[in-house]
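Notes to accompany the following structure.
The values are calculated or read from the model by the stated rules, or taken from the named source; none is laboratory data. These figures come from a predicted structure and were not determined experimentally. In this analysis, Cβ positions are derived from the backbone assuming ideal geometry, glycine residues included, and neighbour counts consider all displayed protein chains.
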Amino acid sequence: MSVKADTIATDGSKYALSARRFRHNVVRDLANPELRNNFRMAMDYLVDKRRQAFSSEDELETLRRKCQLIKQRCLRKLPELLEQLESKLEQNGIRVHWAETAAEANDIIAALIQGRNGKQVVKGKSMVSEETALNDHLLAKGIQCLETDMGEFIVQMAGEHPSHIIMPAIHQNKRQVAELFTKQVPGFDYSTDVDTLIQTGRETLRTKFCHADVGVTGVNFAVAETGTLCLVENEGNGRMVTTVPDMHIAITGIEKVVEFLEDVPPLLSLLTRSATGQIISTYFNMITHPRRRGEKDGPKEVHLVLLDNGRSQAFADEELRQTLQCIRCGACMNHCPVYTRIGGHAYGTVYPGPIGKIISPHMLGLDATRDLPTASSLCGACGEVCPVKIPIPKILLRLRKESVKPKAESAVVKGQGSSRKSLEAGIWSLWRRLNTSPAIYRAVLWLASRGRWLMPKKAGAWTRYRTLPRPAPRPLRELVKQREKRGEWDEKR
């Protein structure tokens, strides 16, 4: 039920290749009315649920500000908090592994599984493991990795990747899922009843937990103070994955660390309400150590893989560091007019939508994601709803600037200058000269007004959906002078 391992890269680079096809993907998905309808209905529902989850605007803003300050404090102390987290986890009996790249993370996890001669892996929802293309890496080594989150299970069965960071299969409706189950699940009788579909998925997955050698999950919050890994979920599969197999491997980005245990409740409250409109998720797992003597369940070994994969690049710049405040709620996607119309797969990256546009360049480079920062109307909806107040529109503008800056050895963002074109740079240089020299500016205006009929009707992609404006017959300054000569200006005043 996974994509064939020999057809794609297994270090996350497949997403870089997909992101380069962004324009092609957009045209393809805009032409799919069923896909657009699926997203429109789902986004409207989620937006409404989020609105109802907060008692008042004052409560929402107070909580947003509090969580913004928590994340900013933790990011300022990130290096020392990571060291504290490692020390505390090791004291608790949890092994910590560091990975600079997606490939390193995959190799670490594969080695841990092979060390136990593992062949069957069950996985809870983890966007970071999607980021590294872990499933395909394990499959290439003969290890079967089964997704146990219902949405991820559907996506894996279809040979796709998630189209939303919270609801992976949101691009499919119940008819499409029913048809998929009919083809892939033995003994399933076609039904579009949602309860029947969910029950079928659960029955299929239930037997897999007991036979799995290793469980893999993500992490929502890693608490440095206590060495606790927090996992938020609604289906119970996360609890099964972290308690039934003898080995539990958690993988997360380095930005998920928080300083104190008391930092978690406000973040959790904001996460669940922003993501799905729930006051609290059905399950909240807190993992602090492996199974101890006398305990009847839990893994005998727990490992945590801390992944960088471009995050330190964002951390190094004070403005771009705000990207790492993200708590992966998906609210920015749900409110984005671009994402709502094209869906998640068009972006070609693990993290689609507004958050994907600002975090993917750090992971894949601006050369692979050059079109993403410009795929925005800059309406500001994403910034207005972000629970931790990430100024997404401002960061998008910053990334646009970085993409056209001259290439430099000490680039702030990998791939800096990848969108820079000599002709375009020359045109802007002339534009600057024109607008800083009054004499040249007046001369050009005079020529443009007299030669207005020589203006072409087309000007490349800009006029694909727009009409090219013509200069006025006379510039405003000439009209004003004519009125002054006739005395009309003084009479009107």
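Remarks
- Residue match in the range 236-251 (condition: surrounded by 17 or more Cβ atoms within 10 Å (Cβ to Cβ) and part of a loop (DSSP other than H, G, I, E, B)): yes
- Residue match in the range 284-307 (condition: modelled with pLDDT under 95 and surrounded by 23 or more Cβ atoms within 10 Å (Cβ to Cβ)): no
- Selection status of Glu100, assigned by TED's automatic domain parsing to the domain that holds Val241, within 19 Å of Val219 (Cβ to Cβ) and not basic (Lys, Arg): yes
- Filtered residues of the range 411-460 (kept if part of a helix (DSSP H, G or I) and polar (S, T, N, Q)): Ser422, Ser429, Asn435, Thr436, Ser449
- Within the range 141-159, tally of residues that are assigned to a loop (DSSP other than H, G, I, E, B) and touching a helix residue (DSSP H, G or I) at 6+ places or on another chain (Cβ under 7 Å): 5
- Among the residues of the range 175-193, the one identified as closer than 20 Å to Met41 by Cα, in contact with a helix residue (DSSP H, G or I) (Cβ under 6 Å, 6 or more places away or on another chain) and not in a loop (DSSP other than H, G, I, E, B) is Val177.
- Ile355 vs. criteria of a type in the set (A, V, I, L, M, F, W, C) and in a loop (DSSP other than H, G, I, E, B): no
- Test: Glu130 is part of a helix (DSSP H, G or I), buried (at least 17 other Cβ atoms within 10 Å of the Cβ), assigned by TED's automatic domain parsing to the domain that holds His248 and without any contact (Cβ under 8 Å) to a residue 40 or more places away in the chain: no
- Residues that are touching a Phe, Trp or Tyr at 6+ places or on another chain (Cβ under 6 Å) and modelled with pLDDT under 95 number at least 1 in the following helices (runs of 4 or more DSSP H) confined to the range 29-113: 57-76.
- Selection of first residues in the range 463-485 that are under 13 Å from Arg442 (Cβ atoms) and of second residues that are in a helix (DSSP H, G or I), restricted to Cβ pairs under 6 Å at least 6 apart or on distinct chains, gives the following pairs, ordered by first then second residue: Arg474/Ser449; Pro475/Leu445; Pro475/Ser449.
- Of the residues making up the range 252-261, those that are crowded, with 19+ Cβ neighbours inside 10 Å and assigned to a helix (DSSP H, G or I) are Ile254, Glu255, Lys256.
- Any hit, the range 362-375, residues being part of a helix (DSSP H, G or I), β-branched (Val, Ile, Thr) and either free of Cβ contacts under 8 Å to residues at least 24 places away in the same chain or buried (at least 23 other Cβ atoms within 10 Å of the Cβ) (or both): no
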